[in-house]
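Data first, discussion second: the structure below is written as structure tokens.
The values are calculated or read from the model by the stated rules, or taken from the named source; none is laboratory data. This one's a predicted model, so the numbers in the text were calculated from it and none came from an experiment. Cβ coordinates were reconstructed from backbone atoms using ideal geometry, including for glycine residues, and neighbour counts include every protein chain displayed.
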Amino acid sequence: MTTTTKATVGGARVAQLRHNEGKWTKPLMDAGWTMIPSIILDNQKALGLDPLDLNILLQLAKYWWQANNPPHPSKRRIAEAIGVDPRTVQRRITRLENVGLIRREARSGKYGGSSTNAYHFDGLITKVTPYANKALAERKANVAKRAMSPETRAPGPVQMRLVKK
């Protein structure tokens, strides 16, 4: 799931949600959804993410509802959702941390014991940002190119010549 700021709540936000309900159906959207930038999916290989790594990142993102409250699901919960052993999830999270894509933060329980880790995506965001910037520059160049193309350019002013009879 994801949340929005109050500034984006309103007509456009509701229209987009309804548009997504048209694709996925209202029951599926009401059951919960996760937002992740497409650029991460588009550059999965370049980021060194195999399908299991990406699945773990998606599971973590599923629990990131507020920017200032990082997700903190248990490794067991992630493992159950994707059908692998919790130890596999632990090893993969360690690898994702070692390559700088996520950062773990130890959390304490209510009474001083340990709790589930919190996970930060700042490394992933930093590493994928150049791909996003490149995609945006390419999009801008394509828009400019189409604007200059004779097929899409609006006709120029019509010149008329007066002929005296």
Practice task
Report whether or not VAL89 is part of a loop (DSSP other than H, G, I, E, B), assigned by TED's automatic domain parsing to the domain that holds TYR131 and modelled with pLDDT of 95 or more.
Solution key: no
Fill in the blank from the handout: Within the stretch 99-151, residues being part of a helix (DSSP H, G or I) and over 30 Å from ARG77 (Cα atoms) number 19
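Being of a type in the set (S, T, N, Q), without any contact (Cβ under 8 Å) to a residue 12 or more places away in the chain and within 23 Å of ALA118 (Cα to Cα): is that true of ASN55 here?
no
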Practice task
Can you confirm whether the stretch 45-58 contains a residue that is assigned by TED's automatic domain parsing to the domain that holds GLU138, under 30 Å from ALA137 (Cβ atoms) and at pLDDT below 95?
Solution key: no
Exercise for the section: Would you check if there is a residue in the stretch 109-116 being touching a Leu at 6+ places or on another chain (Cβ under 9 Å), surrounded by 14 or more Cβ atoms within 10 Å (Cβ to Cβ) and over 17 Å from LEU41 (Cα atoms)? Expected result: no
Practice task
Mind listing just one residue for me: the one in the stretch 20-47 that is touching a residue at least 24 places away in the same chain (Cβ under 8 Å) and loosely packed, with under 13 Cβ neighbours inside 10 Å and, of those, nearest to ARG91 (Cα to Cα)?
Solution key: ALA46
Practice task
Could you tell me which residue of the stretch 104-120 is nearest to LEU57 (Cα to Cα), considering only residues that are in contact (Cβ under 8 Å) with a residue 24 or more places away in the chain and of a type outside the set (Phe, Trp, Tyr)?
Solution key: HIS120
Practice task
Answer yes or no: is there a residue in the stretch 54-74 that is surrounded by fewer than 16 Cβ atoms within 10 Å (Cβ to Cβ) and among the basic types (Lys, Arg).
Solution key: no
